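First the structure, in the form of structure tokens, and then the observations on it.
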Amino acid sequence: MTAKPRVAALEGWFTLDEHEPRLLGSRCRQCGTCYFPKQTTYCRNPACDSTEFDEVPLSRRGRVWSCTNAEYKPPEPYVAAEPFEPFTIAAVELEAERMVVLGQVVTGVSVTDLRVGQEMELVLDTLYGDAESDKLIWKWKPAG
Amino acid sequence: MGKEIAILGVGMHPWGKWGRNFVEYGLHAARAAIADAGVRWQDIRFVSGAATMRCGYPGYVAGATFAQALGWQGAEVNTSYAACASGSQALAAARAKILAGECEVALVVGADTTPKGFLAPAKGYRPDDPDWVRFLIGITNPSYFALYARRRMDLYGDTEDDFGLVKIKNSEHGFTNPNARYRKKFTMDDVHASPMVAHPLRLLQICATSDGGAALVVSSLDYARRIGRGDAVRVAAVSTVTPTFANEVLEMPDIATDSAAAAAIETHRFRASLPVKAYEEAGISPRDVDVAEVYDLSSALELDWMEDLQLCGRGEAASLVRAGETRIGGRIPVNPSGGLACFGEAVPAQALAQVCELTWQLRGACAERQVEGARVGVTANQGLFGHGSSVIVTR
Ligand SMILES: [Zn+2]
């Protein structure tokens, strides 16, 4: 059996570098405000009048702003395995970007293993698979 | 003091899961408010409705729907939609009309019927819709409330049992409220037995959705005096401000906050900004508040609201709850109605229900759940997409 192709569940939202993946945001050329997901039309900083943005990879590491878990199966479009496996969720604060980004936490890390302020890093993992491919998403993992 | 209006009448349809048309609840609440006000329906010259998005076209034009249901009599109408703050925005529209001298008496109504089953998001690949993206990665509404709750635990030392105490307190407050949907006194054992939904929140600590209706009859102070109601409870302030960039708190349905990376940009907390304008407008300080009705979408969120309303310092709310200070009879009773814990949320009616409760409290008409001598009350709520409100009621 050959491995299924691995494709992004959200196209263009992150790099597919299996070792050091990065979220792909945008940054205002005028004021430096970052956006994730990407903003490309008009800067939301009320003091800025810019319409020009660069795509930028966001910091791979950050600190836990807070965390929780999902004990019950979320509704669609979430694709759950059968039987449903609860998963952990973390909101992680990126220092340089001064923003917080949500994501699932890798399997095997419980919500009680995490603490506000703990350092996390970004990894790629399978969100779900179908007949054609495995769909990848970013997840947070305690920094090694 | 030039911005006050009188609350002549209040009325509600009990919250529940009745499965009837929302117009019926709104009509019931409106007729109760009109009777309570002692005015004639024909004397009301402005009908301000809070819209509901899940009851078809009549819900989008709620002001006209209620005016027609009461019998067209030529009044002007308005409909406001602002998620959980819809009722407050409808009240703000009526207040502006009255303060501008364009009408003397107005009716404000909000009502809702909960949908049957889940509201399924539209199908397909829709990465431009943040609501679709967060569900794709498994982030539900309770996830956000749980993130706020867990952050309190790590930052301030709040415990799961502190959140349980809030639930128990609200269940005791709402136990005798005839308009509450859930009237059962819960114990800590009940809380512990409730299934964990999103750590650290259990099913009992997350609010449900309900059917219900609430209405207010409001007027100019001059009109109130002319009909012998110069002593009526007053709306002293309505704040419906939007957030200020950069919002530091992760808000539903977003998967990331604003970035505060630009020079001269500071982070702001939206919830905390809501009452600031209200206190300024009413010319009072948080120390003057006798009673508060806050939006406890989760038990833990009530603690955030207490701090956002400046009823105590940041991180101190749980200690007040432990000391019983937020119970009726305590220093600053919170949610004497029982709050969302006992009502469940009927979106367009909920902000008005908060004002109904404060009006009854300030009239001294709350029987077992009365906060003795209450003269100043404050509400707070927050919904999706930059909507929220805080209303101050005085007598
Ligand atoms: Zn900019």
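In region A:87-96, what count of residues is obtained for those that are more than 7 Å from every other protein chain (Cβ to nearest Cβ) and surrounded by 15 or more Cβ atoms within 10 Å (Cβ to Cβ)?
Final tally of qualifying residues: 5.
Could we say that B:A292 is among the small types (G, A, S), in the same structural domain as B:D158 (by TED's automatic domain parsing) and under 19 Å from the mean Cα position of the chain (by Cα) here?
Details: among the small types (G, A, S): yes; in the same structural domain as B:D158 (by TED's automatic domain parsing): yes; under 19 Å from the mean Cα position of the chain (by Cα): yes.
Judged against the criteria, B:A292 is a match.
Does A:F84 meet the test of being buried (at least 16 other Cβ atoms within 10 Å of the Cβ), more than 9 Å from chain B (Cβ to nearest Cβ) and over 17 Å from the mean Cα position of the chain (by Cα)? Full working, then the answer.
Numbers: buried (at least 16 other Cβ atoms within 10 Å of the Cβ): no; more than 9 Å from chain B (Cβ to nearest Cβ): yes; over 17 Å from the mean Cα position of the chain (by Cα): yes.
Answer is no for this residue.
Here are some conditions: (1) in a loop (DSSP other than H, G, I, E, B); (2) touching a Cys at 6+ places or on another chain (Cβ under 9 Å); (3) at pLDDT 95 or above. A:A90 meets all but one. Which one does it not meet?
Every condition holds for A:A90 apart from (1).
Working only within region A:11-25, note down all residues that are surrounded by 20 or more Cβ atoms within 10 Å (Cβ to Cβ) and either within 10 Å of chain B (Cβ to nearest Cβ) or more than 13 Å from the chain's Cα centre (by Cα) (or both).
Initial filter on region A:11-25 (surrounded by 20 or more Cβ atoms within 10 Å (Cβ to Cβ)): A:14, A:21, A:23, A:25.
The answer is A:L23, A:G25.
May I ask you to list the residues in region B:144-157 that are within 9 Å of B:M252 (Cα to Cα) and within 7 Å of chain A (Cβ to nearest Cβ)?
none
Only residues that are touching a residue at least 40 places away in the same chain (Cβ under 8 Å) and more than 8 Å from chain B (Cβ to nearest Cβ): list them for region A:52-78, please. Please lay out each step first, then the result.
Quick first cut of region A:52-78, residues touching a residue at least 40 places away in the same chain (Cβ under 8 Å) only: A:57-58, A:60-69.
Passing the criteria: A:P57, A:L58, A:R60, A:R61, A:G62, A:R63, A:V64.
Which one of these does B:E345 not meet: (1) out of contact with any Leu (no Cβ under 8 Å at 6 or more places or on another chain); (2) among the acidic types (D, E); (3) surrounded by fewer than 24 Cβ atoms within 10 Å (Cβ to Cβ)?
Only one criterion in (1) out of contact with any Leu (no Cβ under 8 Å at 6 or more places or on another chain); (2) among the acidic types (D, E); (3) surrounded by fewer than 24 Cβ atoms within 10 Å (Cβ to Cβ) is unmet by B:E345, namely (1).
Failed condition for B:L340, given (1) buried (at least 21 other Cβ atoms within 10 Å of the Cβ); (2) in contact with a Pro (Cβ under 8 Å, 6 or more places away or on another chain), with all others met?
Of everything listed in (1) buried (at least 21 other Cβ atoms within 10 Å of the Cβ); (2) in contact with a Pro (Cβ under 8 Å, 6 or more places away or on another chain), B:L340 misses just condition (2).
Can you tell which of A:D130, A:D113 is surrounded by fewer than 15 Cβ atoms within 10 Å (Cβ to Cβ) and at pLDDT below 95? I'd like the intermediate steps shown before the answer.
Details: A:D113 fails: at pLDDT below 95.
Result: A:D130 is the single residue among A:D130, A:D113 that is surrounded by fewer than 15 Cβ atoms within 10 Å (Cβ to Cβ) and at pLDDT below 95.
Search region A:18-51 for residues being in contact (Cβ under 8 Å) with a residue 40 or more places away in the chain and farther than 18 Å from B:D254 by Cβ, and hand back the single one that is farthest from the ligand (Cβ to nearest atom).
First pass over region A:18-51, keeping only residues in contact (Cβ under 8 Å) with a residue 40 or more places away in the chain: A:18, A:20-23, A:25, A:34, A:36.
Next, only the ones that are farther than 18 Å from B:D254 by Cβ stay: A:18, A:20-22.
On the way: A:E18: 33, A:E20: 28, A:P21: 26, A:R22: 21 Å.
Among residues in region A:18-51 that are in contact (Cβ under 8 Å) with a residue 40 or more places away in the chain and farther than 18 Å from B:D254 by Cβ, the one farthest from the ligand (Cβ to nearest atom) is A:E18.
The values are calculated or read from the model by the stated rules, or taken from the named source; none is laboratory data. This structure is a prediction, so every number in the text was calculated from the model and none was measured. Counting neighbours? That spans all protein chains shown, and the Cβs are built from the backbone with ideal geometry, glycine included.
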